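Structure first, commentary second.
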2 protein chains.
Amino acid sequence: MARWEPNARGRLEDAALDLFTERGYDKTTIAEIAQRAGLTERTFFRHFADKREVLFGASNPLLGVLTDAVAAAPTDTPPLDAVAAALDSAAAVLQERRSYARRRQAVITANEELLERELVKLAVLAEGLATALRSRGASAAEAAVAAETGIALFRAAYASWLAADDTADLAECLHSAFATLRTLAR
Amino acid sequence: MARWEPNARGRLEDAALDLFTERGYDKTTIAEIAQRAGLTERTFFRHFADKREVLFGASNPLLGVLTDAVAAAPTDTPPLDAVAAALDSAAAVLQERRSYARRRQAVITANEELLERELVKLAVLAEGLATALRSRGASAAEAAVAAETGIALFRAAYASWLAADDTADLAECLHSAFATLRTLAR
């Protein structure tokens with residue numbers, strides 16, 4: 001029987017991020033992550049299928065957050081506003097894990113393979129948003145433009161949020177990016 | 001001495017795209033590409049460092065096209081308009097190779113590794129545009145938003161261009177995406 005380990009997942013994430021930061025993602029083994037967390041490799045594999053899953057999860061939880069929020073927006077909400085509201089919901093989820101997000105981003109930026117994976121994740125979010133918008137009656141062109149633009153603004157806001165000091169708020173960074181776009185697009 | 005081969009590069013590109021389409025990117029060897037083109041492997045390696053370079057080139061030629069065009073825009077051009085003008089220049093380059101672009105996209109979409117590489121290339125273009133805009137005096141926030149939005153609209157326009165019939169014009173698809181955004185952002 002497996003012993004119950006309090007917050008094993010969080011401890012493994014912490015240990016992995018420490019090691020990725022200290023010696024690089026490629027040079028860190030799962031055995032080392034488990035050891036640093038004071039857990040066994042078997043416990044690691046109960047929580048993650050592989051090393052990359054520590055950074056990316058088994059699924060893309062933001063996808064559900066975004067598409068649910070688009071579906072929940074009042075029917076008369078214009079597409080770009082529905083996307084803005086959805087990104088606000090995602091921002092609330094991410095804001096709670098700012099310290100984790102910052103450490104994670106430093107690891108990802110240092111490794112081309114991880115950076116590619118992150119970009120694919122964002123492209124999947126854009127596709128999900130576009131599909132959700134079309135389900136609400138947006139044209140294919142409007143849906144594509146609103147979804148791609150929303151993810152572009154999210155990228156810009158996320159970068160400025162992580163670069164700013166600890167008091168920064170992701171939702172505020174997002175609102176600021178949308179306001180900048182609305183001014184530039186005038 | 002190497003024998004001069006007329007249009008060896010184009011023949012190798014054609015042969016590679018045919019084989020990638022027929023049997024998949026991973027299952028195609030460089031020897032097969034050279035053979036199909038009626039050339040030697042040695043000739044292949046005079047033009048490409050590896051198989052992936054047939055699809056992505058050694059450099060990112062659009063980067064120079066985009067940053068030169070931003071630099072050449074009149075000083076009073078607002079950031080998003082400078083990006084739109086730069087993307088028009090890139091569209092002119094791509095328009096001439098529509099058939100190649102379409103076959104290439106089908107190969108890339110079918111292979112996750114190639115799709116990741118393509119997304120990195122687009123992210124590099126966004127960074128290059130942002131840098132070029134900052135050199136013209138745009139704020140970091142304006143530059144990031146205009147560059148990321150421009151590449152987002154390019155992605156949407158490129159997809160609709162490749163999905164449309166042979167008479168489609170990439171510049172028109174881009175103008176239409178910018179017009180949709182300006183309407184949605186009102």
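The values are calculated or read from the model by the stated rules, or taken from the named source; none is laboratory data. The model shown is predicted, which means the values in this text are computed figures rather than measured ones. Glycine gets a Cβ as well: all are built from the backbone with ideal geometry, and neighbour counts include every protein chain shown. Just so you know, the surface numbers come from the protein's heavy atoms only, side chains and all, with ligands and any DNA or RNA stripped out. Shrake-Rupley method; radii C 1.70, N 1.55, O 1.52, S 1.80 Å.
See the values below:
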quantity: Given (1) under 23 Å from A:Asp68 (Cβ atoms); (2) more than 8 Å from chain B (Cβ to nearest Cβ); (3) surrounded by 18 or more Cβ atoms within 10 Å (Cβ to Cβ), index of the condition A:Glu172 fails; calculated: (3)
quantity: Residue within segment B:134-155 that is among the basic types (Lys, Arg) and either buried (at least 19 other Cβ atoms within 10 Å of the Cβ) or within 11 Å of chain A (Cβ to nearest Cβ) (or both) present; calculated: yes
quantity: Evaluation of B:Glu113 against (1) more than 11 Å from chain A (Cβ to nearest Cβ); (2) more than 14 Å from the chain's Cα centre (by Cα); (3) open to solvent by 60 Å² or more (accessible area, probe 1.4 Å); (4) under 26 Å from B:Lys27 (Cα atoms) (one fails), failing number; calculated: (1)
quantity: Within segment B:159-172, tally of residues that are touching a residue at least 24 places away in the same chain (Cβ under 8 Å) and either within 15 Å of B:Asp88 (Cβ to Cβ) or in a helix (DSSP H, G or I) (or both); calculated: 5
quantity: Conditions (1) farther than 29 Å from A:Thr21 by Cα; (2) within 9 Å of chain B (Cβ to nearest Cβ); (3) not charged (D, E, K, R); number of the one not met by A:Pro74; calculated: (2)
quantity: Subset of segment A:15-31 [surrounded by fewer than 17 Cβ atoms within 10 Å (Cβ to Cβ), of a type outside the set (A, V, I, L, M, F, W, C) and in contact with a helix residue (DSSP H, G or I) (Cβ under 7 Å, 6 or more places away or on another chain)]; calculated: A:Asp18, A:Thr21
quantity: Residue identified as polar (S, T, N, Q) and within 24 Å of A:Ala147 (Cα to Cα) among B:Thr109, B:Thr77; calculated: B:Thr109
quantity: Subset of segment B:64-88 (residues that are surrounded by 15 or more Cβ atoms within 10 Å (Cβ to Cβ) and outside any helix (DSSP H, G or I)); calculated: B:Ala73, B:Thr77, B:Pro78
quantity: Residues of segment B:100-146 classified as among the polar types (S, T, N, Q) and touching a residue at least 12 places away in the same chain (Cβ under 8 Å), total; calculated: 4
